[in-house]
Amino acid sequence: MVINIPDQALLSAKISSEELLLDFAVYLYEKKILSIGQARKVVDLDLITFQKELAKRDVFIHFEIEDLEKDLVNLEAL
């Protein structure tokens, strides 16, 4: 799917198409529509760079109790 946004709209908003795509990916992650892996692929960023972009926007990484429990099991295995 391709979304066409007129250049004039981007100029008026003072945002590049890359910035808009990043904001869109962050929005989809924040709303739990996409996972962090899926959202970072939308903008072709590595995980750490995408996490830094989340931090710049005060978006917290989704970490559920189940994630903590898995991490604890993995730590015990070490």
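The values are calculated or read from the model by the stated rules, or taken from the named source; none is laboratory data. Not measured: the values here are computed from a predicted model. With ideal geometry, Cβ positions are generated from the backbone for all residues, glycine too; neighbour counts draw on all protein chains shown.
Some points to look at:
- Among residues that are assigned to a loop (DSSP other than H, G, I, E, B) and in contact with an Asp or Glu (Cβ under 7 Å, 6 or more places away or on another chain), V26 is not included.
- Test: residue in segment 2-15 that is among the charged types (D, E, K, R) and surrounded by 10 or more Cβ atoms within 10 Å (Cβ to Cβ): no
- Residue in segment 62-70 that is of a type in the set (D, E) and touching a Leu at 6+ places or on another chain (Cβ under 9 Å) present: no
- Against the conditions (1) surrounded by 11 or more Cβ atoms within 10 Å (Cβ to Cβ); (2) in a loop (DSSP other than H, G, I, E, B); (3) at pLDDT 95 or above, D58 satisfies every one except (1).
- Close pairs from segment 51-65: first within 15 Å of K32 (Cβ to Cβ), partner surrounded by 12 or more Cβ atoms within 10 Å (Cβ to Cβ) and of a type in the set (D, E, K, R), Cβ under 6 Å, at least 6 apart: V59/E30
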